[in-house]
1. Give the peptides 14-24, 291-301 in descending order of average Cβ contacts within 10 Å, highest first.
2. Any idea how far the Cα center of the stretch 246-298 sits from the one of the stretch 1-66, in Å?
3. Highest mean first, what order results for 265-277, 149-161, 126-138 on Cβ atoms within 10 Å?
4. Which Cα, out of His172, Gly210, Phe162, lies furthest along the positive dipole direction of the stretch 153-230 (beta carbon charges, K/R +1, D/E -1)?
5. Gain in length, Arg46 to Glu181, computed as 0.36 nm per residue apart minus the alpha-carbon separation, to one decimal in nm?
6. Determine the order of Glu233, Glu170, Glu107 by accessible area, beginning with the largest, at a probe radius of 1.4 Å.
7. Thr105 to Met166: extension gain in nm, 0.36 nm per residue of separation minus the Cα-Cα distance?
8. Enter the accessible area per residue of the stretch 5-315 (Å², integer; probe 1.4 Å; all protein chains in place).
Amino acid sequence: MVINDDLRSFPFPFGDSQVYKYSNNATPLRPPNAIELTDKYIDEIRLKRELLTNHPERCYQSSSQTLDAQWEIVDLILHNLVGYYPDQFKLEKKDEQWIFTNLQTKENIAFTFGDRTTLEVEPLDFIGRHVQEDLLLMMQRDGDLFLDAGQLCFPANWSLFFNVGMTFKEIHSPIPGFQSESLDDRILQFLMRIEAGTPWGRKNWSLMAGNKLDTSLETFAEWGQARKQVTKENAGKLVHLRVEVQKLFRLPQSNGILFTIHSHMLPLERFIQHTPWLEQFYAILHELPAFISDYKGISLYRQQVLEYLVEEMKKR
Ligand code: HEM
């Protein structure tokens, strides 16, 4: 069968396993690019900027001692943009005077690198408005990692406003089973050993009833209702596979870690066009432990989705 573009470019999250469990599934990132542009670029940039304007506290948080690390993130991302997408982004530099051109949004921004007063918003907030990724900054001190700043427009049911300032383990404490066999500690130790120039990547997946990218904890009452509307008949259109491509970069000067999250969504009916994916996904969803299904918010409609997948398998 022909695999169309939306399937070909979709980040398949399951590897070759038939069961899913929490693990440290990070692998070296190749190519070492923090940013990926898709054909939804303009729509998602517009949505991000709207959310930042209307809900600034929900979408942006920072502590004052993060400015140096924020400039490092600007440096890293701008160079990734012009390096990997030279037709769409330009950067002219004369000492600390930088001019960034975004040909997609048709913007030209001149600023003095390192001088906060030359930008309208903080450096992390500025650069996040030019990429589809959410950007989180973890700072390392006292043998731990702290979420000290972030621009988060497309959270999968969590709150930056609530989590800012927390340690890695505190952030992950709501996840059932994450502490067993010291998984949280092993991942923390792995993160603290990440070196500059050797970034890592991983994928996380979930199901969503509906197609909203902005599923913040604060607005759960609005988007969470759709979970009750899923039926075997409408699951293919209503339920979406949501995959987060997450990347980790050590910042050499500040010793912080940049964590980028690119959220991708595809309706189930598209995802399962490829029969091996349909069969593998059925196996994973069928075997998914109840505590993970509960945490991911799938339990209310898991049975309806399984019935839908069975019907589809009968047709092949
Ligand atoms: C260092 C930057 C990271 C940040 C800021 C971060 C943040 C988060 C947050 C906010 C959640 C949702 C927690 C909630 O329900 O309130 C989460 C979930 C999770 N995180 Fe992380 N995380 C990071 C790195 C990692 C890494 C490196 C791994 C594994 C190697 C990981 C594994 C997970 C898993 C398995 C979940 C549960 C997701 C699900 O079942 O859908 N995280 N993370």
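The values are calculated or read from the model by the stated rules, or taken from the named source; none is laboratory data. What you see is a predicted model; the values in this text were computed from it and never measured. Every residue, glycine among them, receives a Cβ derived from its backbone with ideal geometry; neighbour counts consider all protein chains shown. When the accessible area is computed, the model is the full protein with side chains, heavy atoms only, and any ligands, DNA or RNA have been set aside. Shrake-Rupley method; radii C 1.70, N 1.55, O 1.52, S 1.80 Å.
1. 291-301, 14-24
2. 10 Å
3. 126-138, 149-161, 265-277
4. Gly210
5. Gain in length upon complete extension: 44.3 nm.
6. Correct descending sequence by accessible area is Glu233, Glu170, Glu107.
7. 18.5 nm
8. Counting only protein heavy atoms, the per-residue value for the stretch 5-315 is 47 Å².
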